[in-house]
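Undergrad: Below: one structure in structure tokens.
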Amino acid sequence: FVVEIRRKNRLPRPPGPKPWPLIGNALEIPQSRSWLTYTEWGRRYNSSLLYMSALGQHLLVINSIEDAVELLDERAPLTSDRPTIPILDMMGWESNTGLIPYGTVWRRHRKMLHQNLRKDVLGNYDPVMAQKSLELLHKFAEDPDQFMQHCKVYGSAIIMGIIYGYDLVANDDQLFLRAEHALKQGSQALLPGAFAVNTFPFLRHIPRWFPGGGFHDWAAGTKKLTLQMRNAPFDLAKEDGSLGKRSLSLVSKWLYDGNEKVDGEEDVVRDVAYAAFSAGLDTTPSTMLALIHALALHPEVQRKAYEEIVRVVGTSRLPTCQDRPSMPYLEAIYREILRWRPPVPLGVPHKSTQQEIMYKGYCIPPGTVIISNIWAMTRNEALYPDAEAFRPERFLNPDGTLNNDERVLAYGFGRRVCAGKYLAAEAVWLAMACITAAFHIGKPKDGKGNELALKVEYTDEAITRPAPFKCSITLRRDLGNLNFCA
Ligand code: HEM
């Protein structure tokens, strides 16, 4: 036992920037687009694992798929907790599935999400998917300049339909706009350096009237928005007498399952529903917008996708989720878009339990915050040569069938892997297939119809997405018999 302790004590931490006395690496931790800095540091320290510490908090960044699999998948019981982020607790996010500690409550949440969002039950939601994709096409046809807002509404409409049985149609729907606002406040609070209380949790106890205590009021205002997002769609579902007959949503199934309701159960359903709602609100649209960016840049990809649609579906109906397995090229685009622009480039931080982890000759201390740098993993030149290029073919065999690189890294790792990944995949795929069947996406044009350069910046947020950009969206001339506006 003594020999083992000595051995452990001799094991070093993984490489990383040299810490300062007392504060560790607090001054070096990158404040913006940290995924790029961590990728660069991986090269500088010639290591796929990076270790830092800041004010007593240990931080491990994983830059390679192999290490993420070893540490987060294989050692999941030791690495599936979440760090506490004080400002999020104060804003009312503490019961969100994505942030709660690893344990009994989390398991209950995940079970419910699994029952409602696993691959083999998604077919139940085909009517919602078909309806929402049709509405998306109508909006694209009527007002193509607003394509960014249409994509946002589409992503939310699918989730709200499947989770609450709520029929979100209008772009100015108040439930949707308020939820969007609440989420925006949440992601601002997560920006590094946004609130000192995230770095120094004890500041939570300074009174609101004290200099620097202004975050209390900000957090209280945001909490109201969070609670509205959590409760308003649930309460509407509860009051809607016809819901049980017309919807197979998560909430309606629970409301009308005929079982006696146990104390506290309703809160769990509210939390799970709002976790799914909030988790999909930004991520799905971010992926759709990156896709539009990529299609506008690559007419040859669009042409091949359209040819596949015509070959498999024809020109007299729109693609449906049932067509997905027959379309390897579209599937390759879906995989490539999430590789090229993963919407959550640093994933959601995990935290290790109170046990030390010995790995590759290093010692990872208990309670270490673990960041999976999905960005670095998707830039691995050995796996993805010319990684900055958008090239769906990298997911295809020479005969056009899909290769076996089917793990979508963008959904994260281990037991905390995205609980909505099958739904997100279906929603993004269907939007892509329907948009490609009906529209041509191109670079923006000036008043005389000349093509302009397409410039797209991606935002510097935990969920990154294209900042507002312009492109040209026109109905296909070769629309055939596809009369979806009828
Ligand atoms: C393209 C769209 C999406 C992407 C890229 C994405 C990505 C992610 C990532 C990276 C995580 C953290 C994984 C980890 O900790 O290692 C996550 C967690 C989560 N996602 Fe998604 N997500 C997407 C859409 C959705 C949708 C549509 C839903 C719900 C219907 C959803 C529900 C969740 C939930 C509940 C968690 C928390 C899981 C937990 O902590 O146990 N996501 N997602």
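Undergrad: Which values, in whole Å and largest first, are the semi-axes of the equivalent ellipsoid of region 106-152 obtained as the square root of 5 times each eigenvalue of the Cα gyration tensor? Could you put the intermediate results ahead of the total?
TA: Working: eigenvalues 195, 38, 5 Å².
Output for region 106-152: semi-axes of 31, 14, 5 Å.
Undergrad: Of the options Met432, Gly367, Tyr411, report the single residue whose Cα projects farthest towards the positive end of the charge dipole of region 363-456 (beta-carbon charges: Lys, Arg +1; Asp, Glu -1).
TA: Among Met432, Gly367, Tyr411, the one farthest towards the positive end of the dipole of region 363-456 is Gly367.
Undergrad: So how strong a dipole does the chain carry about its Cα centre when Lys and Arg Cβ are +1 and Asp and Glu Cβ are -1, to the nearest 20 debye? Mind dumping the intermediate values first?
TA: Working: 58 positive and 54 negative charges, 193 e Å.
Magnitude of the dipole: close to 920 debye.
Undergrad: Let me ask something else about it. Which pairs break 28 Å Cα to Cα here: Lys132/Lys421; Lys119/Lys253; Lys132/Lys253?
TA: Working: Lys132/Lys421 18 Å; Lys119/Lys253 18 Å; Lys132/Lys253 21 Å.
Among Lys132/Lys421; Lys119/Lys253; Lys132/Lys253, the Cα-Cα distance tops 28 Å for no pair.
Undergrad: Under a plain spin-label model, where a point goes 7 Å from the Cα along Cα-to-Cβ, how far apart in nm are Arg246 and Glu28?
TA: 5.9 nm
Undergrad: Taking N as the number of residues in region 1-150, what is its alpha-carbon radius of gyration divided by 2.2 N^0.38 Å?
TA: Working: Rg = 22.2 Å, N = 150, 2.2 N^0.38 = 14.8 Å.
Taking the Cα Rg and dividing by 2.2 N^0.38 Å, one obtains 1.51.
Undergrad: Just from its helices, what would the mean residue ellipticity at 222 nm be for the chain, if runs of 4 or more DSSP H residues each count -39500 (n - 2.57) and the sum is divided by every residue, rounded to the nearest 500 deg cm²/dmol?
TA: Values: 18 runs with 222 residues, N = 486.
Calculated from helices alone, the mean residue ellipticity at 222 nm is -14500 deg cm²/dmol.
Undergrad: Further question on the same structure: I want to verify the translational diffusion coefficient of the chain in µm²/s; compute it with Stokes-Einstein, Rh as the Kirkwood radius over Cα pairs, at 4 °C and 1.567 mPa s. Each step should come with its number before you reach the end.
TA: On the way: Rh = 24.0 Å.
Once the numbers are plugged in, D ends up at 54 µm²/s.
Undergrad: Follow-up question, since we're still on this one. For region 111-176 and region 252-321, write down the distance between their C-alpha centroids in whole Å.
TA: What the calculation gives is 7 Å, centre to centre.
Undergrad: Which of the lysines could a cross-linker bridge to Lys304, judged by Cα under 19 Å and excluding same-chain residues fewer than eight apart?
TA: Cα-Cα hits under 19 Å: Lys443.
Undergrad: Taking Lys360 as the anchor, which lysines have their alpha carbon closer than 21 Å to its alpha carbon, excluding any fewer than eight residues away along the same chain?
TA: Lys8, Lys18, Lys351
Undergrad: Rg and Dmax of region 281-375, Cα atoms, in Å?
TA: 19.9, 61
Undergrad: Still on this structure, please answer the following. Contour minus end-to-end for Asn124 and Glu94, with contour as 0.36 nm per residue of separation and end-to-end as the Cα-Cα distance? Don't jump to the answer; show the numbers that get you there.
TA: Values: separation 30, 0.36 × 30 = 10.80 nm, distance 3.08 nm.
Gain on stretching Asn124 to Glu94: 7.7 nm.
Undergrad: Could you tell me how many degrees, from 0 to 90 and to the nearest 10, lie between the Cα long axis of helix 104-117 and the main elongation axis, the longest principal axis, of the Cα atoms of the chain?
TA: On a 0 to 90 degree scale, this one is about 20.
Undergrad: What does the highest-first list of 391-404, 329-342 look like by mean Cβ count within 10 Å?
TA: Numbers: 391-404: 14.1, 329-342: 23.9.
With the highest mean Cβ count within 10 Å placed first, the list reads 329-342, 391-404.
Undergrad: Once the piece of chain linking Ala141 and Arg477 is laid out straight, how much longer is it, given 0.36 nm per residue of separation minus the C-alpha distance between them? Write out the running numbers ahead of the final one.
TA: Working: separation 336, 0.36 × 336 = 120.96 nm, distance 1.30 nm.
This chain segment gains 119.7 nm when fully extended.
Undergrad: For labels at Glu40 and Ala453 in the simple 7 Å Cα→Cβ model, what's the distance in nm?
TA: Going from the Glu40 label point to the Ala453 one covers 2.2 nm.
Undergrad: Continuing with the same structure: I'd like the FRET efficiency for Val105 and Ser326, computed as 1/(1 + (r/R0)^6) with the beta carbon distance as r and R0 of 41 Å, rounded to 0.05. Numbers along the way, then the final one.
TA: On the way: r = 41 Å, r/R0 = 1.00.
With a Förster radius of 41 Å, E is 0.50.
Undergrad: Moving on. Sort Met90, Met229 by Cβ crowding within 10 Å, fewest neighbours at the top.
TA: Placing the least packed residue first, the sequence is Met90, Met229.
A short reminder: the numbers here are calculations on the coordinates, not readings from a lab. Only a predicted model underlies this, so the values are computations on that prediction, with no experimental measurement involved. FYI the Cβ positions are ideal-geometry reconstructions off the backbone, even for glycines, and counts take in every protein chain you see.
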